[in-house]
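See below for the structure under consideration.
Please treat every number below as a calculation from the coordinates, not as lab data. Note that this is a predicted model, so its numbers are computed, not measured. Note that each Cβ is placed from the backbone with ideal geometry, even for glycine, and that neighbours are counted across all protein chains shown.
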Amino acid sequence: MDQTKPMTEESVKEILENAGARVMSRGGRTESYGSPREFSFEVKGAFANGLTLHVLARQYTYRDPWEAEGRVNDVVDVALLREGSYAVLPKGNPWFQGVDEETGVDEEGLREIVAIVREINPKIFELQKLTGDL
C-alpha cells in the first residue's frame, strides 16, 4: 500500500526555495494566535518570471500529532498567481487548465507544478492572449 509522503511548512518552503523562488510562510497556529485557523500552514513562492504559487495546507487534512511529528498534511491546495491575480497556465501543461487552483495535490504533484511554473516564459501568456488560446 503506497502512502503519500507528508508535507510540512518547512518541506514545502524547501521545495520552493530549491526551485529559486523567494519564499514566505506562516503556520496556522502561533504563540499569539492559538485558536484554529482554516489552514495548517501556507507558503507563497514568487519566481523570477513573475508567477507566484500559493500553497495552502487545509486544517481538515492534517494528521494528528500522535501520528507524526508536528503538523503535517498529505495533500495541499495550490493556487497560481500572475500579476497579483489568480491565473491559469498556458495550454499544453497538465496543471491549471481552466482552473486557478489545484486541490488535493500530493508532494510529487507539487514538485511537478513547481518545475513547470519555474520554467514558464512570461511572454507565452502574451502570445496566447494574442492568438486567443488563453
_Selection from ASN93, GLY109, THR131, by position along the positive dipole direction of segment 85-132 (Cβ)_ = THR131
*Among the listed pairs LYS91/LYS123; LYS13/LYS44; LYS44/LYS123, which are separated by more than 20 Å between their Cα atoms?*
LYS44/LYS123
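Could you calculate the FRET efficiency of ASN18 with ASN93 from 1/(1 + (r/R0)^6), where r is the beta carbon distance between them and R0 is 22 Å, rounded to 0.05? The partial results should precede the final answer.
On the way: r = 21 Å, r/R0 = 0.93.
In this case the efficiency is close to 0.60.
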